[in-house]
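Quick note: the coordinates plus some simple rules give every number you see, no bench work behind them. None of these values were measured; they are calculated from a predicted model. Cβ atoms come from the backbone with ideal geometry, glycine included; neighbour counts cover every protein chain shown.
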Amino acid sequence: MTRSTVTRALTTLARRVRRAPAAALGALAVSAVSAALAPAGAAAETFPARPIRLIVPFAPGGSVDIAARLITEAWGRQLGQPVVADNRAGASGNIGMDQTAKARPDGYTLAINNVALAVNPSLFARLPFDTERDLMSVGTMGTSQHVLVVTNSLPAKDVKQLIALAKSEPGKLSFGSAGTGSTLHMAAELFKSESGANILHVPYKGGGPAMLDTIAGQVQISFPVLSAAQQQVQAGKLRALAVTGPKRSPLMPGVPTVAEAGLPNYTFETWFIVSAPAGTPKDVVATLNRTLNQALSTPEMKARLLKEGFEPLTMSPAQADAMLHKETRRWAAQIKQAGITPE
């Protein structure tokens with residue numbers, strides 16, 4: 001609605017008010033305002049009417065960024081408008097998620113995140129937003145395994161040997177992560193909890209630097225996401241001891257799961273969830289969810305995701321919300337058990 005439209009409507013209302021009896025004033029006001037708003041209302045009837053911004057709260061090249069760029073083109077085709085990935089990294093994903101939480105709840109600003117969304121409420125003493133109050137789930141994109149890799153100079157050839165080595169020299173071995181609270185960190189903490197091994201955490205500013213230092217032997221262990229680990233393992237730069245999910249990956253069929261390799265209760269997968277600001281209209285969320293699930297369900301997209309180490313996962317907004325709440329409580333307990341203190 002333009003300023004001139006509003007001005008014309010108010011001028012018309014003023015003329016009618018001067019001529020109308022008092023009883024008619026209310027009806028005239030409603031009529032004039034409705035006329036002024038009609039063009040804007042008509043233009044807003046169809047969603048989406050412009051491109052959608054998908055905030056990626058991590059740096060380019062990480063698993064969340066890869067997931068976002070895998071889905072944006074296909075999702076945009078289903079919506080009839082472009083979905084544009086926008087990296088807003090910092091504070092373990094909290095900067096980008098805060099921008100999402102404070103955005104206008106109209107469906108045009110969304111965010112994609114992973115397990116960090118469930119972990120951060122317990123890792124940070126204070127967040128600038130409340131995950132459950134200020135955000136609502138649109139749906140899910142998929143899951144991905146991680147890979148337990150070691151530097152080639154480490155004598156351990158399997159998971160049992162690694163655990164034995166770590167227990168023989170507590171605190172001497174170290175693992176690199178993409179930062180405190182990252183999925184690499186959580187995968188390793190769960191491994192420590194299940195195995196009883198004392199391994200030192202060395203946080204980096206991203207999974208790439210952690211992997212490079214593992215290759216160089218500055219740290220001995222890491223848990224990169226499958227899509228990032230695959231090339232380095234195939235090139236012989238790292239040794240894969242196990243994958244973290246509930247089943248072997250077709251990309252590494254000869255590598256056992258951690259459960260198969262000696263820790264039967266261990267399983268870890270990262271998931272990817274799309275969020276919107278709380279208060280986004282239900283019909284808008286329904287459109288976003290329907291088109292996201294349609295994009296993920298095409299044979300072409302399924303094949304592309306599997307090639308990159310992702311398993312497609314579709315959920316309704318309610319199912320995604322329930323998963324997030326369950327995972328938030330699960331990781332709160334895990335973080336407390338591991339003795340990780342909030343930052």
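Please give the contour-minus-distance gain from residue 73 to residue 318: 0.36 nm per residue of separation, less the Cα-Cα distance, rounded to one decimal in nm. Please list the in-between numbers first.
On the way: separation 245, 0.36 × 245 = 88.20 nm, distance 2.48 nm.
Computed gain between residue 73 and residue 318 is 85.7 nm.
Go through 284, 200, 99 and say which Cα lies farthest out towards the positive end of the charge dipole of the chain; charges sit on Cβ, +1 for Lys and Arg, -1 for Asp and Glu.
Selected residue: 284.
Once both labels are modelled 7 Å past Cα along the beta-carbon direction, what's the residue 330-residue 212 spacing in nm?
Label at residue 330, label at residue 212, 3.3 nm between them.
Can you tell me the FRET efficiency between residue 133 and residue 168 if r is taken as the Cβ-Cβ distance and R0 is 41 Å, rounded to the nearest 0.05? Don't skip to the end; give the middle numbers.
Working: r = 48 Å, r/R0 = 1.16.
FRET efficiency, residue 133 to residue 168: 0.30.
Could you work out the Rg to Rh ratio of region 147-243, with Rh taken as the Kirkwood radius (inverse of the mean 1/r over all Cα pairs)?
On the way: Rg = 11.8 Å, Rh = 12.8 Å.
Value, to two decimals: 0.92.
What do you get when you divide the Cα radius of gyration of region 190-343 by 2.2 N^0.38 Å, with N the number of residues?
1.22
Can you give the charge dipole size of the chain about its Cα centre, rounded to the nearest 20 debye, using +1 on the beta carbon of Lys and Arg and -1 on the beta carbon of Asp and Glu?
1040 debye
Please report Rg over Rh for region 97-196, where both radii come from the alpha carbon positions and Rh follows the Kirkwood definition.
That ratio is 1.10, to two decimals.
Order these peptides, 47-55, 62-70, by their mean beta-carbon neighbour count within 10 angstrom, highest first.
Numbers: 47-55: 17.1, 62-70: 23.3.
In descending order of packing, they fall as 62-70, 47-55.
Note the listed values (1) 1.14; (2) 0.96; (3) 1.07, then indicate which one is Rg/Rh (Cα atoms, Kirkwood Rh) calculated from this particular structure.
Comparing each candidate, only (1) matches the computed number.
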